[in-house]
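Undergrad: Here it is, the structure, as structure tokens.
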Amino acid sequence: MANDFVTEATLREPLAGVKALHSAAVPSINDLKKYRISKRESQEKFWGRFGVTQSSGSRFETGLAIPAPVALLLKLYVNGKLNDGDLLG
């Protein structure tokens with residue numbers, strides 16, 4: 001039985017899926033900062049829920065590439081698929 005999640009492109013370049021996910025997973029840098037500010041949260045509180053330090057969160061907001069796992073969590077959170085209770089751990 002074929003695995004629907006594996007494609008020839010994925011087999012040729014295993015990180016292709018991660019690159020695609022990362023590039024489309026999160027809003028723009030300015031949108032992330034605006035989103036955090038609209039929630040009236042500090043960088044420490046906002047980024048902490050994703051397991052990210054305030055320092056790294058600040059770098060993400062100024063243009064540093066966001067790692068794929070964090071980008072996925074951000075996308076799910078911003079789109080309402082995850083809430084704060086889901087991220088506590």
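The values are calculated or read from the model by the stated rules, or taken from the named source; none is laboratory data. Note that the structure is a prediction, hence the values are computed from the model and not measured. Accessible surface areas use protein heavy atoms only, side chains included; no ligands, DNA or RNA. Shrake-Rupley method; radii C 1.70, N 1.55, O 1.52, S 1.80 Å.
Undergrad: Roughly how many Å² of Leu73 are accessible to a 1.4 Å probe, to the nearest 10?
TA: 60 Å²
Undergrad: Contour minus end-to-end for Ser55 and Leu76, with contour as 0.36 nm per residue of separation and end-to-end as the Cα-Cα distance?
TA: 5.4 nm
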